[in-house]
Amino acid sequence: MDADALIADLDPDQRAAVTATSQLVAVVAGAGSGKTRVLTRRIAHRIAMGDADAGHTLALTFTREAAGELRRRLQRLGLREHVEAGTFHAVMLRVLRQRWADTNQRPRTVSGDRRRLLRDAQNEYGFDSGGKVLDGADSEISWAMARGIGPDRYASAARRAGRRPHGGVDTMERIFEGYAAVKRKRGVVDFDDVLLEVLRNAANDADFADVLRWRFRHLLVDEAQDLNPVQHRIVDLLRTGRDDLFLVGDPAQAVYGFNGADPSLLIDVETRFPGVEVVRLPVNHRCTPQVVAAGAHVLHAGGQPANIQSARDDGPVVTVSAAADETAEAELVAQRITRSDPNLIRSGGIAVLARTNAQLTAFETGLGSRGIAVRRSATASGSPLAAAIRDASANTSASGLRGWAHDTLDNIDALDAASAAVDEFRDTPSEIGRPPTRPHAPQISQLREATAALRLVEAERRVATALLEFLRDQPRGDGAEFRAWIATTNPFNDRSTDGVELLTFHGAKGREWHTVFVTGLEASLMPHKTATTANEKAEEARLLYVATTRATDELHLVRAERRAGYARKPSPFIAELEPCEPASIPVPAALRRLRPVDSTLERLTVWRAESALRARVVPTQLLTDRDLSAIAAAKPTTAEELDAVTSIGLITARRLAPEILPILE
């Protein structure tokens, strides 16, 4: 690798981060400022300069996807030596398994199904708890273990922290004790145990700790603002005596406070790491100035600084829209996506983001009813894949799993029936010049039910295929092991498929799309009603900042005026951007480009997209953008007037007039 070539295309701030002579460096990288580029170039540049050894370099990330992208980028840079890159849990699990082998310990099974173990603990130890208590135990145990708190210290720590779990602290302590006992009895650890086990072994064996530090002597940490206390301890373990550490993160994107993450690591980095060299990346190379300004407004509204600027030319305006209710919100988003460039849909360039998984179902139904494919996380609560996984993994034996998979794949009739039920309600094909038949209002609920049934059948078939793959690797595996396999391999995250991605704000972190719809921007959802303290509300603002800055070019902010039958106020983070009377909107200077969309032009664009889809032509072949804008402005009432304001000719105008003119009324 050519060290000079590795920094030739970097901006001055990025170059300063990559070439910093100090071995203890913290890079405060704003959204879209190229933190992954800086991280990979830092690794490659140090190796090219002979300042680091690839075989002793460790890059820790928070997702398997991020680790894979890091490795791919290093290969493209020409690095041929192996660099260890992975999540905290994946890397430390490999360390732990090697430790077990070296010390002749019986290897333990890693369980990815905490809820199953909790139910087993309840059955075995008989503690009394309702459904909400047991459900809440999952997150409560995660809270404790992320801080290195075991069952013996849970009650006192929970009371000091003001925790109020369902059933009370004492009940939760008994559940935690039962959960730990079941794990010990079965020789099982969960993912949170993995890091704690490494720390315990290092504390009890100085030679093991020294070997770890020798093996991972050059340490790089991505998304450093998301480190929880146990991960902090892992970093401290590895850097002790050497301080060869490169941290990259953004305090403005710290959104995992519930898991113990603390943005103060980077805010107070010079106190936490004396002598650290701090480099700031304030230039966003990803988003247009309009998107960056919207994100900055959100942070300012949440009482936080936003030191970021865009390096790109101006892009489309950021739209701010209010729908009557959640159904109308889903319809509005579906309409706008329908009129989008089909290439964006096919290439996965559009995403719909929401604060909670429950909100996404309406968008999945609305898009599905228009024949637009969607992609949604397999583990999203309430998603068809989650339901199918739950159904499949209820089987407690390999034979039961295998039977479920074969029965599902053999049941072609179920797929055909579900498809036919949806087709019955979809638009009837028609020639251009003849209006399509749309479902009447009473049919909407039936359409939703049919679409949901089809999505479930399709999901079951995907799960069945994955299940057979799992059984090839683990012929004696059971349902719990299948869920753990899903958690570690993520077999359903196939980005090669077409469709609009549906994600939560948290799920969208680290991703980007050309066009993003940020939905549900109401006070009860953003900030979420569970955010009651100033710190929690500040984190909600950061979460919305993350969501808005996922858009590279087009950003649409959407809310409902009523949800679940109740009136909703706009989110305070975007209240000043609401599409009220133009003269009354107190829009900050940086956001004066924000405005609502022209509804007539929008309806025409939706019609053009749907008509072009039926005719199998590109929308602009049917009517150019200029003609569409002219029609919206002039609002012709006859075919002759339509011909006069466009370039389509009288014959085509007469053919299209029956479709276009009713839209203008």
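The values are calculated or read from the model by the stated rules, or taken from the named source; none is laboratory data. None of the values given here were measured: they were computed from a predicted structure. So basically every Cβ, Gly included, is an ideal-geometry build from the backbone, and we count neighbours across all protein chains shown. These accessible areas exclude ligands, DNA and RNA; they are computed on the full protein's heavy atoms, side chains included. Shrake-Rupley method; radii C 1.70, N 1.55, O 1.52, S 1.80 Å.
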For Leu367, are the conditions met, namely being outside any helix (DSSP H, G or I), surrounded by 22 or more Cβ atoms within 10 Å (Cβ to Cβ), modelled with pLDDT of 85 or more and in contact with a helix residue (DSSP H, G or I) (Cβ under 6 Å, 6 or more places away or on another chain)? no
Residue pairs within 8 Å by beta carbon, gap of at least six or interchain, first lying in segment 529-544 and farther than 14 Å from Ile574 by Cβ, second surrounded by fewer than 17 Cβ atoms within 10 Å (Cβ to Cβ) and among the hydroxyl-bearing types (Ser, Thr, Tyr), listed first then second, are Glu536/Thr530
What are the residues in segment 277-301 that are assigned to a loop (DSSP other than H, G, I, E, B) and open to solvent by less than 20 Å² (accessible area, probe 1.4 Å), if any? Cys287, Thr288
Of the residues in segment 40-54, those that are open to solvent by 10 Å² or more (accessible area, probe 1.4 Å), more than 14 Å from Leu219 (Cβ to Cβ) and assigned to a helix (DSSP H, G or I) number 4
So how many residues does segment 38-69 have that are under 18 Å from Asp9 (Cα atoms) and not charged (D, E, K, R)? 8
Out of everything in segment 50-64 that is farther than 15 Å from Met92 by Cβ and aliphatic (A, V, I, L, M), what residue ends up being farthest from the chain's Cα centre (by Cα)? Ala52
List every residue pair whose Cβ atoms lie under 7 Å apart, where the two residues are 6 or more positions apart in sequence or sit on different chains, the first residue falls within segment 391-409 and is under 16 Å from Arg476 (Cα atoms), and the second residue, located anywhere, is β-branched (Val, Ile, Thr) and buried (at least 18 other Cβ atoms within 10 Å of the Cβ). Ala392/Val463
Only one of these is under 18 Å from Gln225 (Cα atoms), touching a Cys at 6+ places or on another chain (Cβ under 8 Å) and surrounded by 16 or more Cβ atoms within 10 Å (Cβ to Cβ): Ala26, Ala31, Ala66. Name it. Ala31
Condition broken by Val269, with the remaining ones in (1) open to solvent by less than 20 Å² (accessible area, probe 1.4 Å); (2) touching a helix residue (DSSP H, G or I) at 6+ places or on another chain (Cβ under 8 Å); (3) more than 29 Å from Pro570 (Cβ to Cβ) satisfied: (2)
Specify which of the listed residues (Glu512, Glu522) is at negative phi, in contact (Cβ under 8 Å) with a residue 24 or more places away in the chain and surrounded by fewer than 18 Cβ atoms within 10 Å (Cβ to Cβ). Glu512
Does segment 458-473 contain any residue that is modelled with pLDDT under 80, under 26 Å from Trp607 (Cβ atoms) and not small (Gly, Ala, Ser)? no
So which residues in segment 313-337 are charged (D, E, K, R), in contact with a strand residue (DSSP E or B) (Cβ under 6 Å, 6 or more places away or on another chain) and open to solvent by 10 Å² or more (accessible area, probe 1.4 Å), if there are any at all? Asp325, Glu326
Would you tally the residues in segment 644-665 being in a helix (DSSP H, G or I) and under 18 Å from Thr605 (Cα atoms)? 13
Given the condition in a loop (DSSP other than H, G, I, E, B) and at pLDDT below 80, answer yes or no: does some residue in segment 412-419 qualify? no
Is it the case that Thr109 is β-branched (Val, Ile, Thr), at pLDDT 90 or above and open to solvent by 20 Å² or more (accessible area, probe 1.4 Å)? no
